Ligand code: GDD
Ligand code: MG
């Protein structure tokens, strides 16, 4: 049973990604949004059920409209009155799944990824489902290419016999600091966590009950008092509001001994920051990725994006990000573009 998490805010892609229109709902690469691409990708899995989508209440109509646009149905759209990161959302998913079917295998999928090799992804997913049936919490490990501090790191342990390539997870470290990430890369023992998880609902719920019981009690209360509204399931705000604000990676994956991982090679990218968007965009001979009406002279290795029909003209830039929208413009060196997250935090503090 596929579950798509679509409640993130994607602030590192400001000014395109906004609270009202976060990155998973934007057509960042290609004509479809990342959420639409995720739904389509999962539909390719043989016998796959329609996905459960867990999103923020503010985006309910956008989410439904985006499914309608691609002629697909979500099995259920669950609305969070406020974001509480991914652990409470996973608890909600497990409880819903168990109320529908006796102990199904669940796949939790982020909605902010690009995957190039669809067939390769589906082959890996099939192996993960088998691993989940055997009681493992399966993650996909990606060969790391740089000491990125925006990812979880997985240390591969011994192979698990008879699983077609699953390894035990010896250690899972969510978003280490830069020095630790560099050591991990040098050691060669670590992969990046792709942010997708496949498991039996009872197994994950058991681990959540063990390591983060408040996520389960609040999720249960929020579901018990949920209201059905125009076909959406809206979690009760008073209960969900008391859920711990914690990622599943920290709540469970760093602590569980049930984790297994599959080393994958399906052309994955978390389109988390402008650098990744630049890499995912077709570039010209000078290494420039250009979207919208853009003209340039003597500019190299830059990402230039103009929205709203407004012409963007740049001269003599190298390794820069320039994103121009109707009401905000970002200009930053490529290697500092991740700092936009802090800038957005400052902006929202100052109202
Ligand atoms: N429903 C819901 N509610 N979804 C959420 C929430 C929430 O409060 N917060 C985030 N999400 C969704 C996002 O929209 C995204 O699809 C997914 O959950 C993952 O959240 P991110 O906020 O994008 O996480 P991350 O990228 O920082 O880290 C995760 O993914 C990395 C790979 O992309 C972790 O799993 C890392 O370990 C991993 O390396
Ligand atoms: Mg992400």
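The values are calculated or read from the model by the stated rules, or taken from the named source; none is laboratory data. If you're wondering where the values come from, they're calculated on a predicted model, not measured in any experiment. Cβ coordinates were reconstructed from backbone atoms using ideal geometry, including for glycine residues, and neighbour counts include every protein chain displayed.
Within region 127-172, work out how many residues are under 22 Å from the mean Cα position of the chain (by Cα) and over 21 Å from residue 105 (Cα atoms).
Adding up the residues that qualify gives 17.
Given the condition outside any helix (DSSP H, G or I), within 18 Å of the chain's Cα centre (by Cα), away from ligand 1 (no atom under 15 Å from the Cβ) and within 26 Å of residue 276 (Cβ to Cβ), answer yes or no: does some residue in region 31-51 qualify?
Yes.
Restricting attention to region 1-25, report how many residues are within 12 Å of ligand 1 (Cβ to nearest atom) and at negative phi. Let's see the steps before the verdict.
Kept after step one, since they are within 12 Å of ligand 1 (Cβ to nearest atom), are these residues of region 1-25: 3-13, 17, 22-25.
From the residues that got through so far, the ones that are at negative phi too are 3-9, 11-13, 17, 22-25.
Result for region 1-25: 15.
Matching residues to (1) surrounded by 17 or more Cβ atoms within 10 Å (Cβ to Cβ); (2) assigned to a helix (DSSP H, G or I):
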| residue | (1), (2) |
| --- | --- |
| 55 | yes, no |
| 61 | no, yes |
| 66 | yes, yes |
| 71 | no, no |
| 79 | yes, no |
| 84 | yes, no |
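Evaluate the following for residue 257: is it outside any loop (DSSP other than H, G, I, E, B), exposed (fewer than 15 other Cβ atoms within 10 Å of the Cβ) and more than 16 Å from ligand 2 (Cβ to nearest atom)?
Criteria not met by residue 257.
Having 2 or more residues that are closer than 19 Å to residue 88 by Cα and in contact with a helix residue (DSSP H, G or I) (Cβ under 9 Å, 6 or more places away or on another chain) is the bar; report the strands (runs of 3 or more DSSP E) wholly within region 154-237 that clear it.
By residue number, 190-200, 232-234.
Would you say residue 129 is part of a helix (DSSP H, G or I), more than 16 Å from ligand 2 (Cβ to nearest atom) and touching a strand residue (DSSP E or B) at 6+ places or on another chain (Cβ under 9 Å)? Reasoning before the result, please.
Numbers: part of a helix (DSSP H, G or I): yes; more than 16 Å from ligand 2 (Cβ to nearest atom): yes; touching a strand residue (DSSP E or B) at 6+ places or on another chain (Cβ under 9 Å): yes.
Against the criterion (part of a helix (DSSP H, G or I), more than 16 Å from ligand 2 (Cβ to nearest atom) and touching a strand residue (DSSP E or B) at 6+ places or on another chain (Cβ under 9 Å)), residue 129 qualifies.
Can you name every one of the strands (runs of 3 or more DSSP E) wholly within region 261-315 that holds 3 or more residues which are at pLDDT below 95, surrounded by 16 or more Cβ atoms within 10 Å (Cβ to Cβ) and away from ligand 1 (no atom under 16 Å from the Cβ)?
none
Looking at region 319-326, is at least one residue part of a loop (DSSP other than H, G, I, E, B), free of Cβ contacts under 8 Å to residues at least 60 places away in the same chain and more than 25 Å from the chain's Cα centre (by Cα)?
For region 319-326, residues part of a loop (DSSP other than H, G, I, E, B), free of Cβ contacts under 8 Å to residues at least 60 places away in the same chain and more than 25 Å from the chain's Cα centre (by Cα): present.
In region 1-12, which residues are surrounded by fewer than 23 Cβ atoms within 10 Å (Cβ to Cβ) and either more than 13 Å from ligand 2 (Cβ to nearest atom) or part of a loop (DSSP other than H, G, I, E, B) (or both)?
Within region 1-12, 1, 8, 9 qualify.
Out of 289, 272, which single residue is under 20 Å from residue 12 (Cβ atoms) and within 16 Å of ligand 2 (Cβ to nearest atom)?
Just a single option satisfies the conditions, and that option is 272.
Does residue 132 meet the test of being at pLDDT 95 or above and touching a helix residue (DSSP H, G or I) at 6+ places or on another chain (Cβ under 9 Å)?
Yes, satisfied.
Taking region 91-111 as the search range and keeping residues that are buried (at least 24 other Cβ atoms within 10 Å of the Cβ) and outside any strand (DSSP E or B), which one is nearest to ligand 2 (Cβ to nearest atom)?
That would be 111.
For the structure I just gave you, tell me whether residue 167 is farther than 20 Å from residue 247 by Cα and surrounded by 17 or more Cβ atoms within 10 Å (Cβ to Cβ).
Spelling it out, residue 167 is indeed farther than 20 Å from residue 247 by Cα and surrounded by 17 or more Cβ atoms within 10 Å (Cβ to Cβ).
Give the residue, chosen from 88, 15, that is closer than 18 Å to residue 237 by Cβ, touching a helix residue (DSSP H, G or I) at 6+ places or on another chain (Cβ under 9 Å) and either away from ligand 2 (no atom under 16 Å from the Cβ) or modelled with pLDDT of 95 or more (or both).
88
When you scan region 219-233, do you find a residue that is closer than 24 Å to residue 175 by Cβ, in contact (Cβ under 8 Å) with a residue 60 or more places away in the chain and in contact with a strand residue (DSSP E or B) (Cβ under 8 Å, 6 or more places away or on another chain), even just one?
No, because not a single residue in region 219-233 is closer than 24 Å to residue 175 by Cβ, in contact (Cβ under 8 Å) with a residue 60 or more places away in the chain and in contact with a strand residue (DSSP E or B) (Cβ under 8 Å, 6 or more places away or on another chain).
Among the residues of region 145-164, count how many are buried (at least 16 other Cβ atoms within 10 Å of the Cβ), at pLDDT below 95 and within 16 Å of ligand 2 (Cβ to nearest atom). Give the steps one after another, and end with the answer.
From region 145-164, those buried (at least 16 other Cβ atoms within 10 Å of the Cβ) are 147-148, 151-156, 160, 163; that's our starting set.
In the following step, the residues that additionally are at pLDDT below 95 were identified as 147-148, 151, 163.
Subset that is within 16 Å of ligand 2 (Cβ to nearest atom): 148, 151.
Residues in region 145-164 being buried (at least 16 other Cβ atoms within 10 Å of the Cβ), at pLDDT below 95 and within 16 Å of ligand 2 (Cβ to nearest atom): 2 in total.
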